[in-house]
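Heads up: the structure comes next, in structure tokens.
The values are calculated or read from the model by the stated rules, or taken from the named source; none is laboratory data. Fair warning: this is a prediction, and the values are worked out from it, not measured in the lab. Neighbour counts run over all protein chains shown; Cβ positions are idealised from the backbone, glycine included.
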């Protein structure tokens, strides 16, 4: 398996301390705090390990504090309810004695029912698009030193954006984006794992869509996720190409809102995502260390 993906799976393989208590490590991706998708994915792993025979269908997390990339994270699971068809869990992710994230998740017994979906939007196939790593490499010598570590970071997912924005010369455009993505290597046929990995990847790009109509890029802003919700509609495979269709219907009060639909290559809608986050027009790359949202 590709080393980048193997490292991510190791991060998600939490150490069990007690029945409802888990410990995970952190990973530095070149940002001032732990990547939010990492904490989301780990929290969902912790919740999933206390549930048998049911699939997660929704999760909602609140980011409370910056995560420290140099410290482990403790995940405490509250077994809120085990019903006839649904199971509810609450998870607190804790560092240095304080919660950095709280998350609620709901699991359901798989059962048939009514079935319809929104159609997948037209998009060019991923094979003809440039990978984000290639796009980022082309601007490394023109960005601040602090940003280079983030842009050089080797991600465990391939991202191929349709009509990528120019970070150095942003222009005003519609608050909509499309990105094809997939894991960099094949994964076991383990649906809970694929859903946890989707939670990880879903934290990319949502807030950036709220900046598009204003002609600013992430280099000029301080961004931080506030909350993040995912609804899993159908089984999915993150090692196959998925289309992330994102839009931002609103930005106000130093907050941006983004929502996205995730489609399989065959047009099947597999998940919906929504996120609100802080957006301040001051660069996070030059803000004082430890500044909180």
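Out of the residues in segment 91-114 that are without any contact (Cβ under 8 Å) to a residue 24 or more places away in the chain and surrounded by 11 or more Cβ atoms within 10 Å (Cβ to Cβ), which is nearest to residue 44 (Cα to Cα)? Steps first, please.
First pass over segment 91-114, keeping only residues without any contact (Cβ under 8 Å) to a residue 24 or more places away in the chain: 92, 94, 97, 112-114.
Add one more test, that the residue is surrounded by 11 or more Cβ atoms within 10 Å (Cβ to Cβ), and what stays is 92, 94.
On the way: 92: 11, 94: 14 Å.
Here the answer is 92.
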* Asked: In segment 167-198, what residues are assigned to a loop (DSSP other than H, G, I, E, B) and either under 30 Å from residue 104 (Cα atoms) or free of Cβ contacts under 8 Å to residues at least 40 places away in the same chain (or both)?
  -> 169, 174, 175, 184, 185, 186, 187, 188, 189, 190
* If residue 227 passes every condition in (1) under 17 Å from the mean Cα position of the chain (by Cα); (2) under 18 Å from residue 173 (Cβ atoms) but one, which one does it miss? -> (2)
* To do: Please give the number of the condition residue 65 fails out of (1) in a strand (DSSP E or B); (2) closer than 30 Å to residue 151 by Cα.
  => (1)
* Out of all the residues in segment 115-162, which are within 25 Å of residue 178 (Cα to Cα), out of contact with any strand residue (DSSP E or B) (no Cβ under 9 Å at 6 or more places or on another chain) and surrounded by 14 or more Cβ atoms within 10 Å (Cβ to Cβ)? -> 136, 139, 143, 147, 148, 150, 151, 153, 155
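Would you point out which residue out of 197, 129 is within 25 Å of residue 272 (Cβ to Cβ) and touching a helix residue (DSSP H, G or I) at 6+ places or on another chain (Cβ under 8 Å)?
So the residue among 197, 129 that is within 25 Å of residue 272 (Cβ to Cβ) and touching a helix residue (DSSP H, G or I) at 6+ places or on another chain (Cβ under 8 Å) is 197.
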* Restricting attention to segment 239-252, which residues are surrounded by fewer than 22 Cβ atoms within 10 Å (Cβ to Cβ) and touching a helix residue (DSSP H, G or I) at 6+ places or on another chain (Cβ under 7 Å)? -> 241, 247, 251
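Condition first: in a loop (DSSP other than H, G, I, E, B) and modelled with pLDDT of 95 or more. Now tell me which residues in segment 1-24 satisfy that. Spell out the reasoning first.
Applying the first criterion (in a loop (DSSP other than H, G, I, E, B)) to segment 1-24 yields 1-2, 13-14, 19-20.
13, 14, 19, 20 - these are the residues of segment 1-24 that are in a loop (DSSP other than H, G, I, E, B) and modelled with pLDDT of 95 or more.
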* Would you mind telling me which numbered condition in (1) crowded, with 19+ Cβ neighbours inside 10 Å; (2) part of a strand (DSSP E or B); (3) at pLDDT below 95 residue 205 fails? => (2)
* Count of residues meeting criterion [under 22 Å from residue 26 (Cβ atoms) and surrounded by fewer than 20 Cβ atoms within 10 Å (Cβ to Cβ)] in segment 75-90 -> 2
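What number of residues within segment 208-238 are part of a helix (DSSP H, G or I) and either crowded, with 20+ Cβ neighbours inside 10 Å or in contact with a helix residue (DSSP H, G or I) (Cβ under 8 Å, 6 or more places away or on another chain) (or both)? I'd like the intermediate steps shown before the answer.
Narrowing segment 208-238 to residues part of a helix (DSSP H, G or I): 208-214, 218-220.
Among the residues that remain, those that are also either crowded, with 20+ Cβ neighbours inside 10 Å or in contact with a helix residue (DSSP H, G or I) (Cβ under 8 Å, 6 or more places away or on another chain) (or both) are: 208-212, 218-219.
The number of residues fulfilling the criteria is 7.
Here is a yes/no grid of residues against (1) more than 29 Å from residue 233 (Cα to Cα); (2) under 17 Å from the mean Cα position of the chain (by Cα):
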{"residue": "14", "(1), (2)": "no, no"}
{"residue": "20", "(1), (2)": "no, no"}
{"residue": "34", "(1), (2)": "no, yes"}
{"residue": "50", "(1), (2)": "no, no"}
{"residue": "62", "(1), (2)": "no, yes"}
{"residue": "69", "(1), (2)": "yes, yes"}
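For segment 239-274, give me each residue that is part of a loop (DSSP other than H, G, I, E, B) and either more than 18 Å from residue 41 (Cβ to Cβ) or in contact (Cβ under 8 Å) with a residue 60 or more places away in the chain (or both). Steps first, please.
Of segment 239-274, the ones part of a loop (DSSP other than H, G, I, E, B) are 239-241, 253-254, 265-268.
Residues satisfying the conditions are 240, 241, 253, 254, 265, 266, 267, 268.
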* **Among the candidates 31, 50, residue that is assigned to a loop (DSSP other than H, G, I, E, B) and modelled with pLDDT of 95 or more** => 50
